[in-house]
1. Find the Rg to Rh ratio for region 122-189, where Rh is the Kirkwood radius over alpha-carbon pairs and Rg uses the same atoms.
2. Can you give the extra length, in nm with one decimal, that the chain gains between Asp223 and Asp195 once fully stretched, where that is 0.36 nm per residue apart less the Cα-Cα distance?
3. What number, in percent, do you get for the relative contact order of the chain if the mean sequence gap of Cα pairs under 8 Å and at least 6 apart is divided by its residue count?
4. May I ask for the distance between the Cα centers of region 3-21 and region 47-65, given as a whole number of Å?
5. Ignoring GluC sites (Glu not before Pro) that are buried or in helix or strand per DSSP, and keeping those with at most 12 other beta carbon atoms within 10 Å, what is the longest stretch of the chain between them?
6. Over the alpha-carbon set of the chain, divide Rg by the Kirkwood Rh and report the Rg/Rh ratio to two decimals.
7. Express as a percent, rounded to the nearest 5, the fraction of DSSP beta bridges in region 119-226 (both residues included) that run antiparallel.
8. Over region 107-218, what is the mean sequence separation of C-alpha contacts under 8 Å (at least six apart), divided by residue count, expressed as relative contact order in percent?
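Every number in this text was worked out from the coordinates using simple rules, so none of it is lab data. Note that the structure is a prediction, hence the values are computed from the model and not measured. We place every Cβ from the backbone using ideal geometry, glycine too, and count neighbours over all the protein chains shown.
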Amino acid sequence: MSEDWALFLDVDGTIIEIAATPCAVRVSPDLPPLLERLRERFGGALALISGRSIAGLDALFHPYRFAAAGIHGIERRDARGRMHFTGLTPEDLEPARSELGRFVARHPGLLLEDKGRSLAVHFRQAPQLEPRVREAIQAVLPRLPGPIHVQPGHYVLEIKSGAASKRTAIESFMQEPPYAGRLPVFIGDDVTDFDGFELVESLAGHAIFVGPEPQQGRGWLPDPAAVREWLKGLLA
């Protein structure tokens, strides 16, 4: 381990286990203070890089408030606590919000997650409906101001601005103290993390994939429990 790392962590599927619905996840009591000790260990150069909103992250890791990128980079809180927003407003998404709400209500097993600046339709409990979900999302896109990106994930499709991503979020962090000049290390588990992996690799940093099978050329940990143990090891 290097003393000059900047540590970036995805959340769901990386440091906590994925649950049937976003609100059903469980955070072990020792995880928030572990993250706080890691933040101190790296001179403040730690940030959460998540698809969740920053408000949702704060609720998960209460009472701690970490530097974070929420909604895949659409919102960002820097190390000084300042907020930055990119792309769609909640008002921009109102046409899609109404139509997708009606669509989900007609199909048991689907869940519409409204993050304010993005809309995610989860189909984990009804995977056979994925084609219908794709059709419904494509139908509302023409009513939204661009650029629009449909972000795939684990049994979820999300409408968000195309103006930001986890890559752009990490890039912004790396231009600011205390991250600037450090070696970026990003741990993630999903296709939403791959552009962030590519960025840290372009900066000679380390990308660590979390999943049942390793990816060629990248670090690997099999599951969130292994990630948490690895993070504890950084404090040894």
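1. Values: Rg = 16.4 Å, Rh = 14.5 Å.
On the Cα set of region 122-189, Rg over Rh gives 1.13.
2. Details: separation 28, 0.36 × 28 = 10.08 nm, distance 2.03 nm.
Full extension from Asp223 to Asp195 adds 8.1 nm.
3. Averaging sequence separation for qualifying contacts and normalising by length gives 22 percent for the chain.
4. If you average the Cα positions of each part, the centres end up 11 Å apart.
5. On the way: sites that count: Glu3, Glu91.
Within the chain, the longest run free of exposed GluC sites (Glu not before Pro) spans 92-236.
6. Reported Rg/Rh (Cα atoms, Kirkwood Rh): 0.96.
7. Details: 10 of 17 bridges.
Around 60 percent antiparallel, to the nearest 5.
8. After rounding, I find 18 percent.
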